[in-house]
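So the structure is just underneath, and the comments pick up after that.
The values are calculated or read from the model by the stated rules, or taken from the named source; none is laboratory data. Worth saying up front: this structure is predicted, and the values here are computed from it rather than measured. Glycine gets a Cβ as well: all are built from the backbone with ideal geometry, and neighbour counts include every protein chain shown.
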Amino acid sequence: MENIATGQRPTFLTVLCVLSFFWGAYSIYQSIESAFTDSPQRNYEEVQLEVDKGMADMDAANLEMMGSFLSSTIEMAQLAVENAKAIGYAGIFQSIISIFGVWLMWNLRKTGFWLYVASGLMSMVTFIIFLGTGLMAILSLVGIGFVTVLFIVLYAIHLKYMN
C-alpha cells in the first residue's frame, strides 16, 4: 500500500506496461505489413499449401471430421487477404490507441485504462467484421479475447494506484 501514498508505479504494473509496449510495437509492425505489403497473400498461399497437404494425407474418416475445420481455416485466410488493407489500417489505429493508453497507465493515469479497454474491444469487433464468424475465426477470437480480458483484469487490479 505504500505505492499509493508515494505515487510510485508498482513493479507488476511496470511489467504489464513493458509487455504491452512490446506487443503494441509488434502489432503496429504486423499491421503495416498487412496494409502495405503482399504478406497476407503469401500467408494465404502457405495456408492453402498446408491444408492441401494435410487433406492429401488424411483418410476418408478423418477428412470428413476435419473438413469443416480446414474449410473454415481457408475461409478465414481468404477473408484476411480480401480485407488486408482495412485490417492493417484498423490495426495501426487500434495499436496506437492501446500504446497511448499504456503510456498513460505507465504514468498512473486511469484514462489510459479506459483507452486500453476501448482498443481491446475495437480489436475484437474488427476481427469479427473482417474475418467472419467461421469456426477457425471464433477459435482464434477466443484465444485473442482470453489474453485481452486477462490483461484488462490485470490492469484493473492496479487502478487503485492510478488517478
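Once the stretch 31-56 is narrowed to residues that are at pLDDT 80 or above and among the charged types (D, E, K, R), the residue that is nearest to F127 (Cα to Cα) is E33.
When you look at V102, is it out of contact with any helix residue (DSSP H, G or I) (no Cβ under 9 Å at 6 or more places or on another chain) and within 30 Å of T11 (Cβ to Cβ), yes or no? Before you say what the answer is, go through the steps one by one.
Details: out of contact with any helix residue (DSSP H, G or I) (no Cβ under 9 Å at 6 or more places or on another chain): no; within 30 Å of T11 (Cβ to Cβ): yes.
Taking the combined requirement at face value, the residue does not satisfy it.
Pairing each residue of the stretch 121-136 that is closer than 20 Å to I74 by Cα with any residue that is crowded, with 16+ Cβ neighbours inside 10 Å and among the charged types (D, E, K, R), provided the two are 6+ apart or on different chains, yields C-beta distances under 6 Å for G134/E75.
Please determine whether any residue of the stretch 92-112 is among the small types (G, A, S), in contact (Cβ under 8 Å) with a residue 40 or more places away in the chain and on the phi > 0 side of the Ramachandran plot.
Taking the stretch 92-112 as the starting set, the residues that turn out to be among the small types (G, A, S) are 95, 98, 101, 112.
Applying the additional criterion that residues be in contact (Cβ under 8 Å) with a residue 40 or more places away in the chain yields 95, 98, 112.
After this cut, where a residue has to be on the phi > 0 side of the Ramachandran plot as well, the list is none.
No.
Selection over the stretch 11-50 of residues that are in contact with a Ser or Thr (Cβ under 6 Å, 6 or more places away or on another chain) and either of a type in the set (V, I, T) or on the phi > 0 side of the Ramachandran plot (or both) gives a count of 1. Pairs are defined by a Cβ separation below 8 Å, a sequence spacing of at least 6 or placement on different chains, a first member in the stretch 57-70 that is over 17 Å from I138 (Cβ atoms), and a second member that is surrounded by 12 or more Cβ atoms within 10 Å (Cβ to Cβ) and modelled with pLDDT of 70 or more; the pairs so defined are M58/M66; L63/M55.
Residues checked against (1) among the charged types (D, E, K, R); (2) in contact with a strand residue (DSSP E or B) (Cβ under 9 Å, 6 or more places away or on another chain); (3) under 27 Å from E45 (Cα atoms); (4) modelled with pLDDT of 80 or more:
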position	(1), (2), (3), (4)
M58	no, no, yes, no
M66	no, no, yes, no
T73	no, no, yes, yes
M76	no, no, yes, yes
K85	yes, no, yes, yes
I96	no, no, no, yes
F100	no, no, no, yes
W103	no, no, no, yes
L108	no, no, no, yes
